[in-house]
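Enquirer: Below you'll find the structure I mean.
Only the coordinates and a few stated rules stand behind these numbers; no lab work does. This one's a predicted model, so the numbers in the text were calculated from it and none came from an experiment. Here Cβ is always computed from backbone atoms with ideal geometry, including for glycine, and neighbour counts include all displayed protein chains.
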Amino acid sequence: MTGVIDFFVVHVFFFKQETAYEMVVFDDLSRGHPEFIPGVRLVIGELSDERALADLFSENDFDAVLHFASESLVGESVRNPDKYFRRNVTGGISLLSAMVKAGVKKMVFSSSAAVYGDPESVPIPETAALRPVSPYGESKAFFEKALGWYDKAYGLKSVSLRYFNAAGADPSGRLGEDHDPETHLIPLVIRAALTGEPITVFGDDYPTPDGTCIRDYIHVTDLAEAHVLALKALSEGLETTAVNIGTGTGFSVMEIIRAVEEVSGRKVPYTMGGRRPGDPAVLVAECGRARDILGWVPAHSSLREIVKTAWRWHSRAT
Ligand code: UDP
């Protein structure tokens, strides 16, 4: 499952169950890193390329698809919704069409807490209204709804994993986030600690105890485990559903800065900036469904472990 760690890049994993999760990765490499998946067959292509998908499905007898391929930056999606609807919606539907044609009936989909928008209450249960406040969240909510219709019409069963804030790095130190440009909070705070270049905190006037946004950070190792469990549950007959993948505990931007200072022993320089469009004040998961139907419980997601593994990865890479 090595490549799963690279969950936020544009790629898709295919599984052939009879050979114990033999995988093929389909990736346009716009964000992905082939060196992160040694020994795994990589097919380079785009989801919009129907011919490439048809060839891939006809050459292989897949049991399931893990669909990670997506643009995933909230702020960028507000500035450039066209990119998000084309890549996340049109690309995803092209993949579903190929699955239907090939008779592949199981999908684990990377959804997002962004489908909830500004929730009425926290922690957020899966039954909360989907009211996204960004094109990114809208694209994920649309795709989840499409999956419901593909189940009704074609019997395609899916689990939409609503990721809260994926963070941390592989404890071995071999894999971690590598984005260009980097936009995520924890890597940027670590970079500020390493370089002395201040990070901008996006807003300190939110209705939270310290005025900065609160998020529920989930370690990538736990996130990867949720995919394996979702795949198993689908094989055992789980019906189409959506599941929150978070810890149930939130941390503010300032608490993240303090945690990095503690782990690194360095000062994190920061400046206060304005709000980033599309950012809800608080996103924290209610996680009962993941425990009940997948048997999933996060084991690596204390803030200390998240920050420690991320620090190890980023301080090594610099
Ligand atoms: N954030 C920030 N400064 C940055 C990047 C992020 O204050 O340079 C905040 C952002 O507003 C959000 C939180 O950190 O409240 C997490 O943002 P990130 O982009 O990591 O993940 P997202 O919540 O967008 O999925």
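Enquirer: Taking the Cα atoms only, what angle lies between the long axis of helix 50-59 and the longest principal axis of the chain, rounded to 10 degrees?
Expert: The angle comes out near 70 degrees.
Enquirer: Starting from the Cα of residue 145, draw a straight line to each of the lysines and keep only those under 18 Å, dropping any in the same chain fewer than 8 residues away.
Expert: Partners within reach: 105, 106, 157.
Enquirer: Now a separate question. Using label points projected 7 Å from each Cα along Cα→Cβ, tell me how many nm separate residue 152 and residue 235, to one decimal.
Expert: Taking the simple label geometry, residue 152 and residue 235 are separated by 3.1 nm.
Enquirer: Another question about this same structure. With the Cα gyration tensor of the stretch 187-313 in hand, give its eigenvalues times 5 under a square root as the equivalent ellipsoid semi-axes, listed largest first in whole angstrom. Each step should come with its number before you reach the end.
Expert: Working: eigenvalues 197, 63, 23 Å².
One finds semi-axes of 31, 18, 11 Å for the stretch 187-313.
Enquirer: Still on this structure: In whole Hz, what ³J(HN,Hα) sequence does the stretch 288-300 give by Karplus (6.51, -1.76, 1.60; θ = phi - 60°), x for Gly and Pro?
Expert: For the stretch 288-300, the Karplus-derived couplings read x, 5, 4, 5, 6, 9, 9, x, 9, 9, x, 10, 10 Hz, x marking Gly and Pro.
Enquirer: A further question follows. Could you calculate the contour length gain from residue 183 to residue 50, that is, 0.36 nm times the residue separation minus the distance between their Cα atoms, to one decimal place in nm?
Expert: Difference between extended and current length: 44.8 nm.
Enquirer: Give the Rg/Rh ratio for the stretch 271-318, taking Rg as the radius of gyration of the Cα atoms and Rh as the Kirkwood radius, to two decimals.
Expert: Working: Rg = 16.1 Å, Rh = 14.3 Å.
With Rg and the Kirkwood Rh in hand, the quotient comes to 1.12.
Enquirer: A follow-up question, please. As a test of the formula, what do you get for the chain when each DSSP H run with n ≥ 4 contributes -39,500 (n - 2.57) and the sum is divided by the residue count, at 222 nm and rounded to the nearest 500 deg cm²/dmol?
Expert: Helix-only estimate at 222 nm: -10500 deg cm²/dmol.
Enquirer: Only Cα pairs under 8 Å and at least 6 apart count here; give the relative contact order of the stretch 183-318 as a rounded whole percent.
Expert: After rounding, I find 40 percent.
Enquirer: Report the relative contact order of the stretch 55-202, percent, no decimals, based on alpha-carbon pairs under 8 angstrom and at least 6 residues apart.
Expert: 24 percent
Enquirer: Which lysines, if any, have their Cα less than 24 Å from the Cα of residue 267, not counting same-chain residues under 8 positions apart?
Expert: Answer for residue 267, where 24 Å is the Cα cut-off: 308, listed by chain and number.
Enquirer: Could I ask something else about it? Can you give me the C-alpha center-to-center distance between the stretch 20-79 and the stretch 230-276, rounded to a whole angstrom?
Expert: Each part's Cα centre sits 24 Å from the other's.
Enquirer: Rounded to two decimals, what is the ratio between the C-alpha radius of gyration of the chain and 2.2 N^0.38 Å?
Expert: The reported ratio for this selection is 0.96.
Enquirer: Another one. All other residues with a Cβ under 10 Å from the Cβ of residue 187 taken together, and with Lys, Arg as +1 and Asp, Glu as -1, what is their net charge?
Expert: Details: positive: 191; negative: 177, 178, 182.
The answer is -2.
Enquirer: Explain nothing, just the number: relative contact order of the chain, from Cα pairs under 8 Å at least 6 residues apart, as a whole percent. Let's see the in-between values first.
Expert: On the way: 634 pairs, mean separation 60.8, N = 318.
Answer for the chain is 19 percent.
Enquirer: Could you line up 149, 311 from fewest to most neighbouring Cβ atoms inside 10 Å?
Expert: 149, 311
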